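A.B. asks: Next up is a structure, given as structure tokens.
Derivation of every value follows stated rules applied to the coordinates shown; laboratory data play no part. Small disclaimer: the values here were computed from a predicted structure and weren't measured. Heads up, the Cβs are rebuilt from the backbone with ideal geometry, glycines too, and the neighbour counts pull from every protein chain shown.
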Amino acid sequence: MSRILTIGAAQLGPIAPEESRASAVNRMIELLKQAGDRGCNFVVFPELALTTFFPRYYEEDISKMDRYYEREMPGPETRPLFEEASKRGIGFYLGYAELTPDGHRYNTAVLVDETGKVTGKYRKVHLPGHSEYEGQRPWQHLEKRYFEPGDLGFGVWRQHGGIIGMALCNDRRWPETYRVMSLKGAELIVLGYNTPDVNTSAFEPNHLRMFHNHLTMQANAYMNSCFVVGTAKAGVEDGCMLIGGSCIAQPSGEIVSLATTVEDELITSTIDLDLAKMGKETVFNYARHRRIEHYGIIASQTGVELPPELADAAE
Ligand code: CDT
């Protein structure tokens, strides 16, 4: 199978709180049509691509937010997207809020092949924000209220001639996300995001939001020798500005395609997955160079713990 793929990042502009699923799906179908015309094999949609970013709203009774969740994927309202994609032979990644039959809520993404079949599922591991209302914030970021941490780990799937891994938004800021998947052979890591352009928990100059967005994806593309595709939901959504900057980064860490708007916009790049080999066989040949005897605390300790000799000196 060819290892040369044309990839699309299908950025979405804002989705209003009252916008219907049908409208959001139609917008995505329009981007899929453009992707087909541009020869895309695979398209990456944003995180929570079917609705407004509802964790910005506080609701005491979580079940009152049920309208924002999908109980099946595809369901009646999302099936047209799957049909259009399979008609055009395009695989895709789609982020959405998942409500399971036994009542669990996850921030989820699925991987879909070129026949419209769901081949993989990822549930967001690194949930940012808070779980209770915080009055000092201009808007809330209640992902810890509306979702449980993902229980599926960081999987990878053989698809489109390569090995693909998935992540969601805040996951992109954590090196562990990429390293776990690249230890499983990931050559292409795809993710969607909703990132407000203001940090509402502490002062941070606005321009750093975009800088960190690209810094994390580019650095991790390089350090794990893989392609990274990040797709935004962007623009002013019910008064909250979300950054754009959707991009495709290659294993050198360089961005090869970058969105220029904060609206519905498709960016594409034709990539050769074999480009991921060079780093994996040289500088980042893990089998040859990693020293796991020194990495233990990364997987056994969550917060900072001073080593005993430093802790003693502080007393
Ligand atoms: N959706 C998401 O994960 N957004 C976060 C915002 C962090 S501010 C609480 C992000 O990392 O972009």
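A.B. asks: May I ask you to list the residues in the stretch 142-164 that are of a type in the set (A, V, I, L, M) and either more than 10 Å from the ligand (Cβ to nearest atom) or in contact with a strand residue (DSSP E or B) (Cβ under 7 Å, 6 or more places away or on another chain) (or both)?
C.D. replies: Once the filter is applied, which keeps residues that are of a type in the set (A, V, I, L, M) and either more than 10 Å from the ligand (Cβ to nearest atom) or in contact with a strand residue (DSSP E or B) (Cβ under 7 Å, 6 or more places away or on another chain) (or both), the stretch 142-164 yields LEU152, VAL156, ILE163, ILE164.
A.B. asks: Residue pairs, Cβ under 8 Å, 6 or more apart or interchain, first in the stretch 187-201 and without any contact (Cβ under 8 Å) to a residue 24 or more places away in the chain, second within 9 Å of the ligand (Cβ to nearest atom). List them.
C.D. replies: Going by the 8 Å Cβ cut-off, the qualifying pairs are ASN199/ARG209.
A.B. asks: Would you be able to tell me the number of residues in the stretch 213-226 that are more than 10 Å from the ligand (Cβ to nearest atom), part of a helix (DSSP H, G or I) and touching a residue at least 12 places away in the same chain (Cβ under 8 Å)?
C.D. replies: 8
A.B. asks: Then there is this: Within the stretch 128-141, is there a residue that is under 30 Å from GLU83 (Cβ atoms) and away from the ligand (no atom under 12 Å from the Cβ)?
C.D. replies: no
A.B. asks: Every residue in the stretch 18-41 that is over 21 Å from the mean Cα position of the chain (by Cα) and assigned to a loop (DSSP other than H, G, I, E, B), please.
C.D. replies: The answer is GLU18, GLU19, SER20, ARG38, GLY39.
A.B. asks: Somewhere in the stretch 165-181, is a residue part of a helix (DSSP H, G or I), away from the ligand (no atom under 15 Å from the Cβ), among the hydroxyl-bearing types (Ser, Thr, Tyr) and buried (at least 20 other Cβ atoms within 10 Å of the Cβ)?
C.D. replies: no
A.B. asks: Return the residues of the stretch 35-59 that are more than 16 Å from the ligand (Cβ to nearest atom) and polar (S, T, N, Q); say none if nothing qualifies.
C.D. replies: Hit for the stretch 35-59 is ASN41, nothing else.
A.B. asks: Sort out which residues of the stretch 154-164 are of a type in the set (Gly, Ala, Ser) and either in contact with an Asp or Glu (Cβ under 9 Å, 6 or more places away or on another chain) or part of a helix (DSSP H, G or I) (or both), and write them in order of number.
C.D. replies: Once the filter is applied, which keeps residues that are of a type in the set (Gly, Ala, Ser) and either in contact with an Asp or Glu (Cβ under 9 Å, 6 or more places away or on another chain) or part of a helix (DSSP H, G or I) (or both), the stretch 154-164 yields only GLY162.
A.B. asks: Further question on the same structure: How many residues does the stretch 183-212 contain that are in a helix (DSSP H, G or I), more than 10 Å from the ligand (Cβ to nearest atom) and in contact with a helix residue (DSSP H, G or I) (Cβ under 8 Å, 6 or more places away or on another chain)?
C.D. replies: Total meeting the criteria: 1.
A.B. asks: Of the conditions (1) within 28 Å of GLY239 (Cα to Cα); (2) in contact (Cβ under 8 Å) with a residue 24 or more places away in the chain; (3) more than 16 Å from the chain's Cα centre (by Cα), ALA10 satisfies every one except a single condition; which number is it?
C.D. replies: (3)
A.B. asks: Now, a different point. Could you check the stretch 107-125 and list, in sequence order, the residues that are closer than 21 Å to THR51 by Cβ and more than 14 Å from the ligand (Cβ to nearest atom)?
C.D. replies: Matches in the stretch 107-125: VAL110, LEU111, VAL112, VAL118, LYS121.
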